[in-house]
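A.B. asks: Structure in structure tokens, see below.
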Amino acid sequence: MRKVRFGLTLLLCAALWITVTSCFNSSPDLIGKDKTRNVHMIVKMNRGEYWNTVKQGAEAAAKEFNVNLIFKAPNSESDVDEQIQMVEDSITAKADVIILAASSYMGLAQVVDKASYSKIPVISVDAEVGSARVITYIGSNSYEAGQKSAERLIQLLQGFGEIGILNFTNSSSQEDGESSSSMDIGARDADEREKGFLNYAARYPNVHVVQISYTNSEIRDAEELTQLMLIKHPALRGIATLNEIASQGAAKVIQNLGLDKIKMVAFDSSPAMMELLQDGTVQATVIQNPFSNGYLAVKHAAEVMEGIDVPERVDTGTKLIDLDNMLWPENQKLLFPFVR
């Protein structure tokens, strides 16, 4: 097992090197590099493999396009007020462009409008925001990602059984981690992933989603919610987790308790998740393109400042990865995405 993991690590490192060098060799001649541009990138959280990879992609593009990148994020995805204040600070600092991964779809809408009124273009990355003044959205199709998760988990369960979902949200009003109401005040990507999963699962009369819990994006909180879910539903056969932190917390509980009977489909592609796929704790994970999200956001920011038209939406895609396909060359590029 150690040899397999070491070989995987070497392959991932090689893929990452290709990622970086490919980005630096892809610079379009249309973007002038004779002036410095001040771009502020504000994401949901200042930790986690996913956001670190977004930052790496943004930094690669910043170096390539002569961008002075200011990277900011609160300690928690649930701290919407701090994220709003960060956008306010960027407006005061007269950033040339603001790149925003909004923790709340509607909560950040007003301040995004304010940035636009201040003649500061706003680019949305990873999670959309409820403002018509956003220049472009760069990220995955969250509804489609939720459907991919449901499809694989239902296959693993052979079309029947009880399922629990561990999602992420930003509502401080949920005392017990459970809710059946709309998450309009939360992150758009969380809402869409859940809708995609539920709509797909509704096709199967013998599949029952018995509980949906919402973590505050703390691993310990995700662990506790998973434990409570298992106690409340002893017949549970499957768990779907819809972001990196939820995935790590739920997988840790399944691993520690030795619950081989529980099938799990996770989200995102941290090194820890690759290990969990190898040891069989997790059967599959839906991965995004965080490096490309960060890179393309900064690239398009530079283009906007040059007066170059950018697309209204850039779908950076998702893919379902399992033990059978994780080492395929094309999937290595997705695990460590690069920009051509």
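A.B. asks: Mind checking whether some residue in the range 295-312 is assigned to a loop (DSSP other than H, G, I, E, B), within 25 Å of A251 (Cβ to Cβ) and of a type in the set (G, A, S)?
C.D. replies: Checked against the condition, which is being assigned to a loop (DSSP other than H, G, I, E, B), within 25 Å of A251 (Cβ to Cβ) and of a type in the set (G, A, S), the range 295-312 yields no hits at all.
Residues checked against (1) under 21 Å from W328 (Cα atoms); (2) modelled with pLDDT under 95; (3) touching a His at 6+ places or on another chain (Cβ under 6 Å); (4) open to solvent by 10 Å² or more (accessible area, probe 1.4 Å):
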{"residue": "F6", "(1), (2), (3), (4)": "yes, yes, no, yes"}
{"residue": "S22", "(1), (2), (3), (4)": "yes, yes, no, yes"}
{"residue": "D29", "(1), (2), (3), (4)": "no, yes, no, yes"}
{"residue": "V39", "(1), (2), (3), (4)": "no, no, no, no"}
{"residue": "M45", "(1), (2), (3), (4)": "no, yes, no, no"}
{"residue": "E49", "(1), (2), (3), (4)": "no, yes, no, yes"}
{"residue": "A61", "(1), (2), (3), (4)": "no, no, no, no"}
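A.B. asks: Out of the range 137-146, which residues are buried (at least 20 other Cβ atoms within 10 Å of the Cβ) and more than 9 Å from R193 (Cβ to Cβ)?
C.D. replies: Selection gives I138, G139, S140.
A.B. asks: For the range 297-309, name all the residues that are open to solvent by less than 30 Å² (accessible area, probe 1.4 Å) and of a type in the set (A, V, I, L, M, F, W, C).
C.D. replies: A297, V298, A301, A302, listed by residue number.
A.B. asks: From the residues in the range 71-88 that are in contact with a helix residue (DSSP H, G or I) (Cβ under 7 Å, 6 or more places away or on another chain) and open to solvent by 30 Å² or more (accessible area, probe 1.4 Å), which one is farthest from N46 (Cα to Cα)?
C.D. replies: Selected residue: E88.
A.B. asks: Could you list, in sequence order, all residues of the range 89-107 that are outside any strand (DSSP E or B), in contact (Cβ under 8 Å) with a residue 24 or more places away in the chain and either open to solvent by 20 Å² or more (accessible area, probe 1.4 Å) or among the aliphatic types (A, V, I, L, M) (or both)?
C.D. replies: Once the filter is applied, which keeps residues that are outside any strand (DSSP E or B), in contact (Cβ under 8 Å) with a residue 24 or more places away in the chain and either open to solvent by 20 Å² or more (accessible area, probe 1.4 Å) or among the aliphatic types (A, V, I, L, M) (or both), the range 89-107 yields I91, A93, K94, A95, D96, A101, A102, Y105, M106, G107.
A.B. asks: Further question: Could you check the range 128-171 and list, in sequence order, the residues that are under 21 Å from D113 (Cα atoms), outside any strand (DSSP E or B) and touching a strand residue (DSSP E or B) at 6+ places or on another chain (Cβ under 6 Å)?
C.D. replies: Of everything in the range 128-171, those that are under 21 Å from D113 (Cα atoms), outside any strand (DSSP E or B) and touching a strand residue (DSSP E or B) at 6+ places or on another chain (Cβ under 6 Å) turn out to be E128, V134, I135.
A.B. asks: Restricting attention to the range 113-129, and to residues there that are free of Cβ contacts under 8 Å to residues at least 40 places away in the same chain and among the small types (G, A, S), which single residue is most open to solvent (accessible area, probe 1.4 Å)?
C.D. replies: The qualifying residue most open to solvent (accessible area, probe 1.4 Å) is S118.
The values are calculated or read from the model by the stated rules, or taken from the named source; none is laboratory data. Everything numeric in this text was worked out from a predicted model, so none of it was measured. Virtual Cβ from ideal backbone geometry, glycine too; neighbours counted across all protein chains shown. To get the accessible areas, we keep the full protein, side chains included, count just its heavy atoms, and leave off ligands, DNA and RNA. Shrake-Rupley method; radii C 1.70, N 1.55, O 1.52, S 1.80 Å.
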